[in-house]
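First the structure, in the form of structure tokens, and then the observations on it.
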Amino acid sequence: MLFQQILNGLTIGAVYALVALGYTLAYGILGLINFSHGEIYMMGAFIAFTCISIFNWNIWLSLILAVVICGLIGIVVEIVAFRSIRHGARSSQLISAIGVSIVLQNIAMLTWSSRTQPFPQIITTKIIKINDIVISNLQIYILATAVILMVTLYLLLYKSRIGIAIRATSQDPDTTSLMGINVNKIISITFAVGSVLGAAAGILMGLYYNSIVFNMGYTVGLKAFVAAILGGIGNIPGTMLGGILLGFVESISAGFISSQYKDALAFLIMIIVLLVKPTGIFGTKEVEKV
Amino acid sequence: MLKVEGLTVKYGNITAVNNISFEVPQGKIIALVGNNGAGKTTTLKTISCLLKSANGKIIFDGNDIIGQQPHKVARQGLVHIPEGRHIFPRLTVKENLTISSFSRTIKFKHFKKEMEEVFEIFPKLKERQKQLAGTLSGGEQQMLAIARGILQKPKLLTLDEPSMGLAPIIVEDVFESITRINKQGTTILLVEQNAQMALSAADFGYVMEVGEIVLNGSGASLLNDPNVKKIYLGEVD
Ligand SMILES: Nc1ncnc2c1ncn2[C@@H]1O[C@H](COP(=O)(O)OP(=O)(O)OP(=O)(O)O)[C@@H](O)[C@H]1O
Ligand SMILES: [Mg+2]
């Protein structure tokens, strides 16, 4: 029973972690809490659904198209909603993010209706039973995809030129521009990367629960934000752990207390962490931004 | 190489730099000295286009660069080492240096060779390549900032108070490296409060006071100017 909950928690936590990384990347590079990020997650699922179920396109092509389009949406959101108020007040950035969120949700509702839709079952679910533990092959795919994406992100940030430029921009954008680097381009790339991760997460979640709905990004977005806060927003490894941890807390509380309280518990934990250790569980005093 | 004509820079309605003109000829070291708040940093930031609201002309290599984006100016070979060093504290020393190559079209093999040459000037940096730059001492950070600037292959290098906060013996090291870079062919515009050191190193100097250039002359002649002596070198006659 406990092992089962841990496995379920790990699966869902890995998805939270992917979404949470988008918050952390945006925060690291612009000091901005991008509350519209959950909608990118939703868009990822819906675009994949459209390409596969409606247009009957090739599955791989559809998946790639979905994440690429979401990457582009991320770039456009940054340019339209955040660029002109980059040095503005936090409150205006927050309002702008919420505005984007409302717009994207409404676009989704108008395009795909407000009904819950079935996500195409591109993988036939197989169940593996070991004693009384149930593992589905989907869980393994989700975990594997999440791990691959996170390792790729790590390599991108810490082993590539783009990564050095992203980290430099997050530390000191003016000086980065003095190095001949186009900071706006780096910020666009960062938003694209975060959005690609978010879209992938949306697709994985669609597969897992096999249904999607236009406002699915809302709760997950908030929870991913909680995960980022838990781990220390702006801190990449911390955010990954924060996501996993939140997944554990949820599934264990669903298993041992009641699944009705799992959302409330997530936010309760966030409040406690913010009160006790505002930089997050894994955050140090000086937050390593990106 | 660089010609500044009638440059005025304002912060809101405060005029920080008022109608100044000066010239930095190719191959020379030009010093711009003055007290706190004279407008030296403002001038350099305007030249590298970090500050936008300016009137006048900044002619670099024959083009007026006012209003351009800073990364484009840097790519043309006008490299600015800002006041307070501004190394990237949470990048390693090596990453701080390789970042200079990103906007250049240079093979990594050749860049590595340039890096070795820079390590000859600053051997300390070579030992500390893997260390986070924020953990370097103040003097080492200044060396890193200069090394990073050199690796951008500047035609014109502008330095803002490279001696700030350093022990006198380190200041000498820094100035030695500046003259060395200049001898290797890089033109230098040097901003300093340390007028003694700057004017000794410079071919020509300008003295700034509350946003205006009040004096100019060769380094040696300014050092002997009674007013400069009194105000900037703290000598009483
Ligand atoms: N961001 C800003 N907003 C408003 N005023 C500013 C700003 N930056 C500088 N100033 C003002 O402009 C004037 C010139 O400042 P600047 O930094 O250019 O002087 P400086 O010669 O570099 O001085 P220091 O030797 O102390 O570095 C000062 O009066 C300063 O208060
Ligand atoms: Mg200054």
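Checking the Cα-Cα distances for B:112/B:183; B:40/B:155; B:155/B:230; B:52/B:229 against a 28 Å cut-off, the pairs over it are B:155/B:230; B:52/B:229. Mean sequence separation of contacting Cα pairs (under 8 Å, at least six apart), scaled by the length of chain B, corresponds to a relative contact order of 28 percent. Taking B:28, B:113, B:126 in turn, the Gaussian network model of chain B (Cα-Cα springs below 10 Å) assigns the largest fluctuation to B:113.
Computed with a 1.4 angstrom probe on protein heavy atoms, the B-A interface buries about 2100 square angstrom of accessible area in total.
Estimated from helices alone, the mean residue ellipticity of chain B at 222 nm is -10000 deg cm²/dmol (sum of -39500 (n - 2.57) over DSSP H runs with n ≥ 4, per residue).
Take every pair of alpha-carbon atoms less than 8 Å apart whose residues are at least six positions apart; their mean separation over the length of chain A yields a relative contact order of 38 percent. Of the DSSP H helices in chain A, those with a Cα length along their own long axis of 20 Å or more and a mean Kyte-Doolittle hydropathy reaching -1.0 comprise A:2-30, A:59-77, A:90-112, A:137-159, A:183-209, A:216-231, A:236-256, A:262-276. Couplings 3J(HN,Hα) of segment B:188-193, computed from phi: 10, 10, 10, 9, 8, 8 Hz, in residue order, whole Hz [Karplus 6.51 cos²θ - 1.76 cosθ + 1.60, θ = phi - 60°; x for Gly and Pro]. Shielding value for A:154-161 is 1, the average number of Cβ atoms from other chains within 10 Å of each residue's Cβ.
Note on chain B: with a GNM built from Cα contacts shorter than 10 Å, the maximum mean-square fluctuation among B:91, B:190, B:222 falls on B:91.
Solvent-accessible area assigned to carbon and sulfur over segment A:13-216 amounts to 68 percent, based on a 1.4 Å probe. The length gained on full extension between residue B:5 and residue B:19, counted as 0.36 nm times the residue separation minus their Cα-Cα distance, comes to 4.3 nm.
With a Förster radius of 60 Å applied to the C-beta separation of residue B:231 and residue A:147, the computed FRET efficiency comes to 0.40.
Distance from the C-alpha centroid of segment B:117-164 to that of segment A:114-143: 54 Å, rounded to the whole angstrom.
Loop-resident trypsin sites (Lys or Arg not before Pro) (DSSP state other than H, G, I, E or B) in segment A:104-211 with no more than 12 further Cβ atoms inside 10 Å of their Cβ: A:115, A:126. For segment B:98-141, the residues whose backbone nitrogen is under 14 Å from a point 7 Å from the Cα of residue B:153, taken along Cα to Cβ, are B:100-115.
Note on residue B:107: lysines with a C-alpha under 19 Å away, same-chain residues under 8 apart excluded, are A:159, B:94, B:153. Calculated accessible area for the protein assembly as shown comes out at 44 Å² per residue, all protein chains present (probe 1.4 Å; ligands, DNA, RNA ignored). The simple Förster model, with R0 at 60 Å and r as the Cβ-Cβ distance, assigns residue A:94 and residue B:116 a FRET efficiency of 0.80. Going through the DSSP H helices of chain B, which span 15 Å or more along their own axis at the Cα atoms while scoring at least -1.0 as a mean Kyte-Doolittle hydropathy? Length and hydropathy pass: B:108-121, B:138-150, B:168-183. Rounded to the nearest 5, the antiparallel percentage of DSSP beta bridges internal to chain B is 55%.
Taking every DSSP bridge with both residues inside the protein assembly as shown, close to 60 percent are antiparallel. Placing a label point 7 Å from the Cα of residue A:76 along the Cα-to-Cβ direction, the residues of segment A:161-193 whose backbone N falls under 15 Å of that point are A:192.
The values are calculated or read from the model by the stated rules, or taken from the named source; none is laboratory data. Computed from a predicted structure; not experimentally measured. Glycine also receives a Cβ, built like all others from the backbone with ideal geometry; neighbour counts cover every protein chain displayed. All accessible areas refer to the heavy atoms of the entire protein, side chains included, with ligands and DNA or RNA removed. Shrake-Rupley method; radii C 1.70, N 1.55, O 1.52, S 1.80 Å.
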